[in-house]
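What follows is calculated from the coordinates using simple rules that are stated; it is not laboratory data. Here the structure is a predicted model, which is why all the values come from computation and not from measurement. Note: ideal-geometry Cβ built from the backbone for every residue, glycine included; neighbour counts use all protein chains shown.
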Amino acid sequence: MMPPCPGINPSYTARLANGQPLPSTILFKEASSQLEIIDDGSLEAGNLIVTVTGALASPALSDSMTITITVKNPVPGDAS
């Protein structure tokens, strides 16, 4: 992502790599550029590929990175 520069504030967005919005259990906090995953049991096992993009309006500049989130089936009886 873009390195911090005084007085320059990029905007950030996060979507699934296929362009779809993130599932409701994955929150992207733009102010801190953090992903929060809420484990409510609704995510299916597998990989979610998330693209996070940072952009500046002037000069027009953007950069993206891809993150893979692996969701595993819960272990029966595991309360953690």
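Below is a table of values for the structure above.
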{"read-out": "Residue-wise HN-Hα coupling along the stretch 27-34, computed from phi with Karplus coefficients 6.51, -1.76, 1.60 (Hz; x: Gly, Pro)", "value": "9, 10, 9, 4, 4, 10, 6, 10"}
{"read-out": "Amide proton proximity set for S33, modelled H, under 5 Å, gap of 5+", "value": "none"}
{"read-out": "Summed side-chain charge close to G54 - residues other than G54 whose Cβ falls under 11 Å, Lys, Arg +1, Asp, Glu -1", "value": "-2"}
{"read-out": "Cβ charges +1 (Lys, Arg) and -1 (Asp, Glu), total dipole of the stretch 11-71, debye", "value": "200 debye"}
{"read-out": "Overall Cα dimensions of the stretch 11-71 - principal axes, largest extent first, Å", "value": "42, 21, 15"}
